[in-house]
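J.: Mind looking over this structure? Questions follow.
The values are calculated or read from the model by the stated rules, or taken from the named source; none is laboratory data. Being a predicted model, the structure only gives us computed values, none of them experimental. Cβ placement follows ideal geometry from the backbone for every residue including glycine, while neighbour counts extend to all protein chains displayed.
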Amino acid sequence: MTKKLRNAPAYIFLTIFAVFSVFPLYFMMVSATNTSQEVLGSKLLPGTNLLENFNNLVAQQDLGSALYHSAVNAILTTVLSLIFCSFAGYGFEIYHSKGKDRLMAVLLLAMMIPFAATMIPLFQLFAQNGLINSTAAVILPTISTPFLILLFRQASRNFPHEILEAARLDGLSEIAIFARIYLPTMRATYAAAAVITFMAAWNNFLWPKVILVDSAYQTMPMLISNFSSGYVTDYGALMLAVLIASLPAMVIFLVLQRAFAEGITGAIK
């Protein structure tokens with residue numbers, strides 16, 4: 001009993017901060033069912049305006065097209081990032097050398113360059129090659145990131161090299177070793193990388209806003225921005241759009257949260 005009383009302040013502290021953390025999500029879900037005036041009045045109880053908010057949303061914005069383009073961009077970015085960054089991380093660690101360490105240092109320095117500094121040259125490059133308003137223009141700058149390469153490289157340090165030597169003696173090619181041994185062993189790291197990449201790609205706003213000039217190619221973050229930029233904003237419909245945009249990333253994280261924690265922990269070790 002004494003131990004429980006001693007831990008009571010910690011439990012109270014964590015409970016308070018948990019409430020503060022969950023409250024924005026609760027308010028977003030409740031606001032999606034209320035009218036614009038009720039949202040502005042900070043009503044904290046669910047309402048009956050959900051269907052009307054949905055009708056207003058689809059009447060003013062092409063919700064289906066935005067969901068489709070966001071899904072295509074996020075899925076392709078995630079799949080290609082996992083392929084290229086895992087290959088790179090595998091190569092950096094399994095075929096380790098001082099030259100690769102120097103190259104990795106250069107990649108890490110590239111993380112310090114703000115995207116705004118490279119955005120204009122990137123736009124000019126894609127415009128010259130006729131890739132404006134294309135999926136390729138959205139995903140190509142993001143399919144290989146220094147952070148994911150570092151994540152896979154760090155995780156590869158725990159990979160047993162004895163298995164590699166045994167597989168090579170058995171006559172397996174490097175591609176076969178990667179696909180049949182390395183990839184299944186690193187499932188937790190792949191899950192962590194998938195969560196990080198999918199959430200970043202799904203929520204990406206600035207670069208798609210620049211490269212997707214035609215509104216027919218807009219993604220969910222762009223739809224929300226366009227929806228809230230008018231003279232009169234329907235906050236009930238806006239909060240419903242935010243809720244719909246948040247659901248895929250929330251589902252991905254909830255499904256893969258255990259593997260995400262294991263992958264991040266393994267990479268840190």
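J.: Please go through segment 186-228 and pick out each residue that is among the β-branched types (V, I, T), out of contact with any Gly (no Cβ under 9 Å at 6 or more places or on another chain) and within 22 Å of I252 (Cβ to Cβ). Can you show your working first?
T.: To start, the set of residues in segment 186-228 that are among the β-branched types (V, I, T) comprises 189, 195-197, 210-211, 213, 219, 224.
Narrowing the set further to residues that are out of contact with any Gly (no Cβ under 9 Å at 6 or more places or on another chain) leaves 196-197, 210-211, 213, 219, 224.
Residues satisfying the conditions are I196, T197, T219, I224.
J.: For segment 212-237, give me each residue that is in contact (Cβ under 8 Å) with a residue 24 or more places away in the chain and within 19 Å of the chain's Cα centre (by Cα).
T.: The answer is Q218, T219, M220, P221, M222, L223.
J.: Name the single residue, out of those in segment 183-210 being among the aromatic types (F, W, Y) and in contact (Cβ under 8 Å) with a residue 60 or more places away in the chain, that is nearest to A137 (Cα to Cα). Walk me through how you get there before you give the answer.
T.: Residues of segment 183-210 among the aromatic types (F, W, Y): 190, 198, 202, 205, 207.
Narrowing the set further to residues that are in contact (Cβ under 8 Å) with a residue 60 or more places away in the chain leaves 190, 198, 202, 207.
On the way: Y190: 24, F198: 17, W202: 15, W207: 9 Å.
The extreme case among them is W207.
Here's the yes/no breakdown for (1) assigned to a loop (DSSP other than H, G, I, E, B); (2) under 18 Å from P184 (Cα atoms):
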| position | (1), (2) |
| --- | --- |
| S70 | no, no |
| I75 | no, no |
| L82 | no, yes |
| A105 | no, no |
| L108 | no, no |
| Q124 | no, no |
| L131 | yes, no |
| A136 | no, no |
| A166 | no, yes |
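J.: Starting from segment 72-87, keep only residues that are on the phi < 0 side of the Ramachandran plot and at pLDDT 95 or above, then list their pairs with residues that are crowded, with 24+ Cβ neighbours inside 10 Å and among the acidic types (D, E) whose Cβ atoms are within a distance under 8 Å, requiring at least 6 positions of separation or different chains.
T.: Final answer for the pair search is none.
J.: Of all residues in segment 209-226, which are part of a helix (DSSP H, G or I) and either surrounded by 22 or more Cβ atoms within 10 Å (Cβ to Cβ) or aliphatic (A, V, I, L, M) (or both)?
T.: Initial filter on segment 209-226 (part of a helix (DSSP H, G or I)): 209-211, 215-217, 220-226.
Correct list: V210, I211, A216, M220, M222, L223, I224.
J.: Would you pick out the residues in segment 177-209 that are modelled with pLDDT under 90 and among the basic types (K, R)?
T.: Of everything in segment 177-209, those that are modelled with pLDDT under 90 and among the basic types (K, R) turn out to be R180, R187.
J.: May I ask you to list the residues in segment 88-98 that are surrounded by fewer than 16 Cβ atoms within 10 Å (Cβ to Cβ) and part of a helix (DSSP H, G or I)? Please lay out each step first, then the result.
T.: Residues of segment 88-98 surrounded by fewer than 16 Cβ atoms within 10 Å (Cβ to Cβ): 95-98.
Within segment 88-98, K98 is the sole residue that qualifies.
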